Amino acid sequence: MKKLIMKTFLFAAPVGLIFIFPLYVLSASGEFMTAGRIIAMQSADKEPNLILQAYSDPWSYIKMAGIKQRRPELIALGTSRTMQFRQAFFKVPFYNAAKAIDSTAHLVTVLESLNEKEIPRIIILGLDPNFFNPNWVWYSSNTPHAEPKSGREWLKILSQKWLQVYSDFINRKFRLKHLNPKRNDQGFHRTGLGARVHNRGFLNDGSFLYLRHIVKREAGPVPEAQRERNRALEDIREKDDLYVPASRLSETSLRELEAFLILAKRRGVHVAGYLTPMAPSMLEALEAEGPNYEYLRKITPALQKLFQKYGYVYEDFLDSRKLGATDAHFVDDVHETGEITLRILKRLAAADAHIGTSVAAPFPEESEMNRKYLEAAKQRVFTL
Amino acid sequence: MQREEARTLLNQIFRSLFDDESLSITEQTTAKDVSGWDSLNHMNLIVEVEKTFGIKMTTREVQSLKNAGDLITIITNKAK
Amino acid sequence: MLFNSFDFILFLGAATVAFHYTPYSWRKYHLIIFSYLYYFSWSAGHALLLFGVSLTAYFTGLGVERAASEEGKKKSMALGVLLLAGVLFVFKYFNDFADFAAPGEGPVFYRILIPVGISYYTFRLISYVVDVYWGKITAERDLAAFTAFAAFFPHILSGPIHRAETFLPQLKKAGPVPYLMLTSGMRLILFGFFKKLVIADRLGIFVDTIYASPGNYNSLAILLAAYGFMIQLYADFSGLTDIARGSTRLLGFESPKNFDLPFYAPNIQQYWRRWHMSLTQWLGDYVFMPLRMKFRNFGNTGLVLAILINMTAIGLWHGARTTYLAFGLLHGIYMIGSALTLKRRDQFYKAHPLLARGRTLWGPLITFHLVILASIFFRAESLSGAWEMISGIAALDLSKAGPMFFAKREILILAVGGVIMEIVHYLESKGRIRGAYYSQAPWMRWAVLYGFTFFILGFGEFNSHNFIYFEF
């Protein structure tokens, strides 16, 4: 037996050694920070946090837990495209719960998981056009809002991603300097390699900040943004992923959305829905494809009818040109920066009294917002 | 009935049941040795044996059969 | 503690070391302690049930043996079997029947949590009682040994169904666990994890996506998912079995195999002798055989009836769902068809020797596809879901989304993993694995072990946790 134990340890030693570097990288960069701690940080810290982990994505759980803990009056709900609504835009307690859903499938679950005290009074619902594409296939590997088993999460991340950590380091996706906390605290307290390397992440109110993009934009067009749009244009050419052609609307998604509206109505929640915008060049490319994306034209008439049926407001912002946007206002093909969100909010406020009475007065200035961020990028402390 | 007599008669049964005129079973013959002697055909064998020798076997006895020799033992014990 | 968790590895290590230092006569107590500890990690309440059921079987066994008359023996046996089967029935099928009676409702208090492993341990104990009745074994007087047998933790989750006949003698054996048995046990566990984490869980992602909404995919994707599920199930369950058998070896026991190259079986009868062997042997000995005896004078009708009941039992053993029933019935039809025509087919091929050579090729191919068809029912959520899958394939429609959302990297890993898996299975089946392994130089052996280890660590799918056969 002693012989066996020794041999086993001997065998396991090199295996263990392999894990030391990834273990160090992941723990030093905040990749192991548990969802529970993130939630606590975001609620308690006065210090501005910028949180984005590169090797895990617990946000669906964090957002749901966030709603339950904070019990905001108004939330923004949607995918990552709805992440730009900030507390500063509203005078009521607000939380950005974007990424709590990734399709219409989990809408009802969100409401069902909230009890009377936790459920918000108003929901700004961002609907992505591809939700209604019947040929768009989305696989959600996790049960929605599944709570990561705390205590063991780090082991799971380590075992899943150790090889990727090596390959990412070799490919210079991150450097050793990113592991040093002190060197990463300029303006924001950055947690996670996503935040430290790409200078972007979640703020305390649940909204997302593309800080690097905003800073770089001052000097001219941002190449990474254009690269992302080129990739999307490639997808359009290949008819791939988000850009699978379709001529009719997905019956299932419409049904799921209606079920959500019915439940919201029953529980006294006001919903204001809108179709999320795309970068202008993307829309032009889609229009050039003409009949391939016939379903896009059918969305608004259908949703307009649906929302009106329940006395809710719906606005179509798919064509961001109508908001006066240019490609510079997008970090890629579909994710806008805060100015566009403000413009969307202004129009929603005008169309919907519930929203109108909830927005901050005076209504925030775009330039003021950006100035604050640009200053924050240089300062030590910043209050939003 | 004597063992050898039982074995001979049993062999006839085997030959006709498993369609093999060359079969010659011994005390040690098991299902592995005879092609076609599987659990599905086993009962056909038992039925034939019961008919030919005029005996009745119990589940317990059938369960305990390990080879042809066991079968012959049961036959010689029960047949008149 | 699921098998594929760090906790289980630690637990198993502790059990192995402790077992080594336990005096031989105390080994049964070691097994009781560790088995019940393991069971407590699932649910303390159900551990009581396990103990209660063990006691029932223990006393029934003694009762059968002590009964003076044949009548008395039969009564004791019947009582024991009824009680055991009754417990299984209530705990396992209550939820399914509640669903059936009041679909969609299910207030929380209706649902009982199915006790872990109940299908496996009740089957083990029923076989014990019947074996005592049939005189195959003598009733066990040592309550501690019996309790250890009933609760033996490596077999709790998902078998194999190890009968008292071969288990108890091993328990009574006094001697150290051979070093080679320990290392072969560890290798078996390693291989089990390989199959589960690299192949089964990875395939599961693809299969689950398509089975969830077959309407979104083209015929090729659905067909591949149908094949994929069977391979996933094979890798999953044989992986689990390997982990169980390997753990058993660490404790010095040898447990029965569950699989023997099932997909190369020449006909459906052979398939069932090579797939989930411990279950089919159990059903064969305790359901099929007694039924055949009862119906033996009804000729082919008796055979057909026995087969139908037996295969339906296999289906329903997995759960009281219409899909499992359909699965069982389908296999019943296959078996009946094959059993009734086997003689004629054999004669045909004897008369056409050239075709007989082809038979070695299409026999297994046809059998495999029959199995795939039935497996669609096994996997589908509902009969309509199964029908969606089947009609999706039959439609030969290539217009919708294809299987290519599954990355090339994943396919490569699956292909390589699959080939390695089957090579090892082939060597195991021919009994050549030990020879092949030990004929290598030590550095080569360690290289192989490291190869598997890093393959698992690098390409293992650590996301999902569900063993398909765990819910039984």
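Filtered by the rule that a residue be charged (D, E, K, R) and either within 13 Å of A:ALA279 (Cβ to Cβ) or touching a Cys at 6+ places or on another chain (Cβ under 6 Å) (or both), the range A:312-355 gives A:ASP319, A:ARG321, A:ASP327, A:ASP332, A:ASP333, A:GLU336. Scanning the range C:289-308 for residues that are touching a helix residue (DSSP H, G or I) at 6+ places or on another chain (Cβ under 6 Å) and among the β-branched types (Val, Ile, Thr), we see that the one that is farthest from the other protein chains (Cβ to nearest Cβ) is C:VAL304.
A count restricted to the range A:237-286 and to residues that are more than 14 Å from chain C (Cβ to nearest Cβ) and in contact with a helix residue (DSSP H, G or I) (Cβ under 8 Å, 6 or more places away or on another chain) stands at 27. Screening A:GLU256 on (1) surrounded by fewer than 17 Cβ atoms within 10 Å (Cβ to Cβ); (2) more than 21 Å from A:HIS335 (Cβ to Cβ); (3) among the acidic types (Asp, Glu) shows it passes everything except condition (1). When the residues of the range C:9-37 are filtered to those that are surrounded by 17 or more Cβ atoms within 10 Å (Cβ to Cβ) and within 22 Å of C:LYS195 (Cβ to Cβ), the one that is nearest to the other protein chains (Cβ to nearest Cβ) is C:THR16. On inspection, C:ASP285 qualifies as buried (at least 18 other Cβ atoms within 10 Å of the Cβ) and within 13 Å of chain B (Cβ to nearest Cβ).
For the range A:319-329, a residue qualifies if it is in contact with a Ser or Thr (Cβ under 7 Å, 6 or more places away or on another chain) and crowded, with 19+ Cβ neighbours inside 10 Å, and exactly one does: A:HIS329. Remark: A:ALA225 matches the filter, which requires a residue to be part of a helix (DSSP H, G or I) and in contact with a strand residue (DSSP E or B) (Cβ under 8 Å, 6 or more places away or on another chain).
For the range C:33-81, name all the residues that are outside any helix (DSSP H, G or I) and among the hydroxyl-bearing types (Ser, Thr, Tyr).
Hits for the range C:33-81 are C:SER41, C:SER43, C:SER69.
Counted as qualifying within the range C:257-348 are the helices (runs of 4 or more DSSP H) with 2 or more residues that are in contact (Cβ under 8 Å) with a residue 24 or more places away in the chain and either β-branched (Val, Ile, Thr) or more than 24 Å from C:ALA164 (Cα to Cα) (or both), namely C:268-274, C:299-317. Residues of the range C:424-446 that are surrounded by 12 or more Cβ atoms within 10 Å (Cβ to Cβ) and assigned to a helix (DSSP H, G or I): C:VAL424, C:HIS425, C:TYR426, C:LEU427, C:GLU428, C:SER429, C:ILE433, C:ARG434, C:ALA436, C:TYR437, C:ARG445, C:TRP446. Of all residues in the range B:33-75, those satisfying the criterion of being more than 11 Å from chain C (Cβ to nearest Cβ), buried (at least 19 other Cβ atoms within 10 Å of the Cβ) and without any contact (Cβ under 8 Å) to a residue 40 or more places away in the chain are B:TRP37, B:ILE74.
C:ILE222 meets the conditions (1) surrounded by 24 or more Cβ atoms within 10 Å (Cβ to Cβ); (2) within 24 Å of the chain's Cα centre (by Cα) in every case but one. The failed one is (2). Set side by side, the residues A:LEU203, A:LEU193 differ, and just one is in contact with a strand residue (DSSP E or B) (Cβ under 7 Å, 6 or more places away or on another chain), buried (at least 20 other Cβ atoms within 10 Å of the Cβ) and either within 14 Å of another protein chain (Cβ to nearest Cβ) or among the aliphatic types (A, V, I, L, M) (or both), which is A:LEU203.
Exactly one residue among C:PRO256, C:PRO262 is away from every other protein chain (no Cβ under 14 Å), within 18 Å of the chain's Cα centre (by Cα) and under 24 Å from B:GLN63 (Cβ atoms), and that residue is C:PRO256. If you filter the range A:1-37 down to residues that are in a loop (DSSP other than H, G, I, E, B) and away from every other protein chain (no Cβ under 14 Å), you find that the one that is surrounded by the fewest Cβ atoms within 10 Å (Cβ to Cβ) is A:THR34. Only a single item in (1) in contact with a helix residue (DSSP H, G or I) (Cβ under 9 Å, 6 or more places away or on another chain); (2) of a type outside the set (Val, Ile, Thr); (3) within 14 Å of chain A (Cβ to nearest Cβ) is not met by C:GLU65, and it is number (3).
Please work out if C:THR367 is among the polar types (S, T, N, Q), away from every other protein chain (no Cβ under 12 Å) and under 30 Å from C:ALA212 (Cβ atoms). Considered against the rule, which asks whether it is among the polar types (S, T, N, Q), away from every other protein chain (no Cβ under 12 Å) and under 30 Å from C:ALA212 (Cβ atoms), C:THR367 comes out as yes. Within the range C:439-472, the set of residues being among the polar types (S, T, N, Q) and modelled with pLDDT of 90 or more comprises C:THR453 only. Across the range C:208-219, the number of residues qualifying as surrounded by fewer than 22 Cβ atoms within 10 Å (Cβ to Cβ), out of contact with any strand residue (DSSP E or B) (no Cβ under 7 Å at 6 or more places or on another chain) and within 11 Å of chain A (Cβ to nearest Cβ) comes to 4. Would you pick out the residues in the range C:168-200 that are closer than 30 Å to C:ILE222 by Cα, away from every other protein chain (no Cβ under 11 Å) and under 19 Å from the mean Cα position of the chain (by Cα)? Within the range C:168-200, C:PHE191, C:GLY192, C:PHE193, C:PHE194, C:LYS195, C:LYS196, C:ILE199, C:ALA200 qualify.
One line per residue, one yes/no per condition, for (1) over 28 Å from C:HIS20 (Cα atoms); (2) at pLDDT 90 or above; (3) crowded, with 22+ Cβ neighbours inside 10 Å; (4) not aromatic (Phe, Trp, Tyr):
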residue: C:ASP96; (1), (2), (3), (4): yes, no, no, yes
residue: C:ILE126; (1), (2), (3), (4): yes, yes, yes, yes
residue: C:TRP134; (1), (2), (3), (4): yes, no, no, no
residue: C:PHE149; (1), (2), (3), (4): no, yes, yes, no
residue: C:LEU168; (1), (2), (3), (4): no, yes, no, yes
residue: C:ARG187; (1), (2), (3), (4): no, yes, no, yes
residue: C:PHE206; (1), (2), (3), (4): yes, no, yes, no
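Condition check for B:ILE25 on (1) among the aliphatic types (A, V, I, L, M); (2) within 10 Å of the chain's Cα centre (by Cα); (3) not in a loop (DSSP other than H, G, I, E, B): one failure, at (3). Just checking, does the range A:38-45 include any residue being among the aliphatic types (A, V, I, L, M) and either crowded, with 24+ Cβ neighbours inside 10 Å or not in a helix (DSSP H, G or I) (or both)? So far as the range A:38-45 goes, no, none of its residues is among the aliphatic types (A, V, I, L, M) and either crowded, with 24+ Cβ neighbours inside 10 Å or not in a helix (DSSP H, G or I) (or both).
Restricting the first member to the range A:322-335 and to residues that are touching a residue at least 40 places away in the same chain (Cβ under 8 Å) and assigned to a helix (DSSP H, G or I), and the second to residues that are basic (Lys, Arg) and surrounded by fewer than 22 Cβ atoms within 10 Å (Cβ to Cβ), the beta-carbon pairs closer than 6 Å and six or more apart or on different chains are A:LEU323/A:ARG343.
Checking the range C:35-46 against the condition returns a match, with at least one residue being among the aliphatic types (A, V, I, L, M), at pLDDT below 90 and in the same structural domain as C:PHE152 (by TED's automatic domain parsing).
The values are calculated or read from the model by the stated rules, or taken from the named source; none is laboratory data. Just so you know, these numbers come straight off a predicted model, no measurement behind them. Glycine gets a Cβ as well: all are built from the backbone with ideal geometry, and neighbour counts include every protein chain shown.
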